[in-house]
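Since the structure comes first, as structure tokens, the remarks are kept for the end.
The values are calculated or read from the model by the stated rules, or taken from the named source; none is laboratory data. Predicted model only: the values in this text are computed from it and were never measured. Counting neighbours? That spans all protein chains shown, and the Cβs are built from the backbone with ideal geometry, glycine included.
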Ligand code: NAD
């Protein structure tokens, strides 16, 4: 088994460096306890990269990302850079790194920690034990299809156009990721599209079925229309294990599912690409939240989304499933002991700063490691 992994860390802007600091504490602790060595290199992205290199993602940073085993990212953006021309804005750094690493699958877990059951907008019995993984196709579909644009019509009115298009290979590669994930979980995949009204949906259903028939017969596959899936997520979310869907439906369904579980400060994500020459998948892990300028520098940001993103990195890039579970369980234990950051509105006496929350998780990990 490999004993060394190269991890590129891009803290970014606002609360990015604050929350990343805590994920780094966790990585140091896991490295010490497991004997696996993480060679960590830090660089800039977003506004911080613009300040240092004059661009939101420098070529040398991108090259480091391409030669790393995984990338961890904090968040980008802030008022300071709002007036820059479009191509220099912090968000362009994020879009560029996703594109250059060809990260075609976005993984968003919706995991409800027992201690957070009451924070959900659904009844506790509907979300207690909830553990869904949404796999969204990220680089194709209607956000990228041609033709697109706004046309002037002869009668003076205008027409807006976007095109939904998917190819066999785009569908098959994301379907494979969903089936592989299901193998590590409860073995069920639900594929969502609108094959009742869209040809691209018919192709989606046929290609996902093809991969299932030929490569993953041991996994249960069901198909569901995306609008029905949106309803089922609030009616009975625990019926799902892995959901795989296109870019547009995934955008909406992943936000809906994530919010079943509580706060923005708790939501991790992973974006995965192709397997490289070393047998490693290109990958980027980041919290769902942004740079939160309103609380930046106050030391009160919730680092859990970033810590859980690192737990995903352990599982999906480094094959360290046991260690990943220990990080997740430790977060759950810290929360159920009543320790919260301000966004989780915990018991005042146990409200922790960003750094105290990181320390508390580290101390719990140490107790759980055999
Ligand atoms: P945001 O996610 O930064 O913040 C929304 C609200 O949630 C704020 O009140 C913030 O204080 C709170 N919040 C977010 N993360 C938190 C955490 N970890 N702990 C406690 N509270 C937290 O979204 P926004 O305010 O719409 O955007 C702010 C900036 O972030 C903008 O420049 C935007 O472009 C950028 N942004 C970046 C990303 C990214 O880097 N992936 C994503 C979204 C927004």
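Here is a yes/no grid of residues against (1) surrounded by 15 or more Cβ atoms within 10 Å (Cβ to Cβ); (2) under 29 Å from residue 95 (Cα atoms); (3) assigned by TED's automatic domain parsing to the domain that holds residue 140:
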| site | (1), (2), (3) |
| --- | --- |
| 287 | yes, yes, no |
| 295 | yes, yes, no |
| 299 | no, yes, no |
| 328 | yes, yes, no |
| 360 | yes, no, no |
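Okay, residues lined up against (1) surrounded by 22 or more Cβ atoms within 10 Å (Cβ to Cβ); (2) in a strand (DSSP E or B); (3) in contact with a strand residue (DSSP E or B) (Cβ under 9 Å, 6 or more places away or on another chain):
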{"position": "55", "(1), (2), (3)": "no, no, no"}
{"position": "63", "(1), (2), (3)": "no, no, no"}
{"position": "68", "(1), (2), (3)": "yes, no, yes"}
{"position": "72", "(1), (2), (3)": "yes, yes, yes"}
{"position": "80", "(1), (2), (3)": "no, no, no"}
{"position": "83", "(1), (2), (3)": "no, no, no"}
{"position": "92", "(1), (2), (3)": "no, no, no"}
{"position": "98", "(1), (2), (3)": "no, no, yes"}
{"position": "103", "(1), (2), (3)": "no, no, yes"}
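Looking only at the range 32-46, residues that are in a helix (DSSP H, G or I) and buried (at least 17 other Cβ atoms within 10 Å of the Cβ) come to 1 in all. Considering each residue of the range 23-46 in turn, none proves to be within 13 Å of the ligand (Cβ to nearest atom) and either over 20 Å from residue 283 (Cβ atoms) or not assigned by TED's automatic domain parsing to the domain that holds residue 364 (or both). Taken over the range 118-138, the criterion of being assigned to a strand (DSSP E or B) and under 14 Å from the mean Cα position of the chain (by Cα) is satisfied by 132, 133, 134, 135, 136, 137. Of all residues in the range 285-299, none are more than 16 Å from the ligand (Cβ to nearest atom) and either touching a strand residue (DSSP E or B) at 6+ places or on another chain (Cβ under 6 Å) or assigned to a loop (DSSP other than H, G, I, E, B) (or both). Quick check on the range 333-349: of everything there that is surrounded by fewer than 16 Cβ atoms within 10 Å (Cβ to Cβ) and more than 16 Å from the ligand (Cβ to nearest atom), which residue is farthest from the chain's Cα centre (by Cα)? Among them, the one singled out is 349.
Test residue 140 against the stated conditions and say whether it is away from the ligand (no atom under 16 Å from the Cβ), within 25 Å of residue 325 (Cα to Cα) and either surrounded by fewer than 16 Cβ atoms within 10 Å (Cβ to Cβ) or not assigned by TED's automatic domain parsing to the domain that holds residue 336 (or both). Spelling it out, it is not the case that residue 140 is away from the ligand (no atom under 16 Å from the Cβ), within 25 Å of residue 325 (Cα to Cα) and either surrounded by fewer than 16 Cβ atoms within 10 Å (Cβ to Cβ) or not assigned by TED's automatic domain parsing to the domain that holds residue 336 (or both).
For the range 301-313, indicate whether the set of residues that are part of a loop (DSSP other than H, G, I, E, B), over 27 Å from residue 223 (Cβ atoms), out of contact with any helix residue (DSSP H, G or I) (no Cβ under 8 Å at 6 or more places or on another chain) and within 11 Å of the ligand (Cβ to nearest atom) is non-empty. No. Select from the range 82-95 the residues that are in contact with a helix residue (DSSP H, G or I) (Cβ under 8 Å, 6 or more places away or on another chain) and touching a residue at least 40 places away in the same chain (Cβ under 8 Å) and write down the one among them that is nearest to the ligand (Cβ to nearest atom). Per the stated criteria, the residue is 90. For the range 49-79, a tally of residues being within 16 Å of the ligand (Cβ to nearest atom) and touching a residue at least 40 places away in the same chain (Cβ under 8 Å) returns 15. Residue 354 satisfies every condition listed in (1) surrounded by fewer than 14 Cβ atoms within 10 Å (Cβ to Cβ); (2) modelled with pLDDT of 95 or more except (1).
Comparison of 256, 274 shows that the only residue that is surrounded by fewer than 24 Cβ atoms within 10 Å (Cβ to Cβ), away from the ligand (no atom under 16 Å from the Cβ), touching a residue at least 60 places away in the same chain (Cβ under 8 Å) and more than 19 Å from residue 46 (Cβ to Cβ) is 274.
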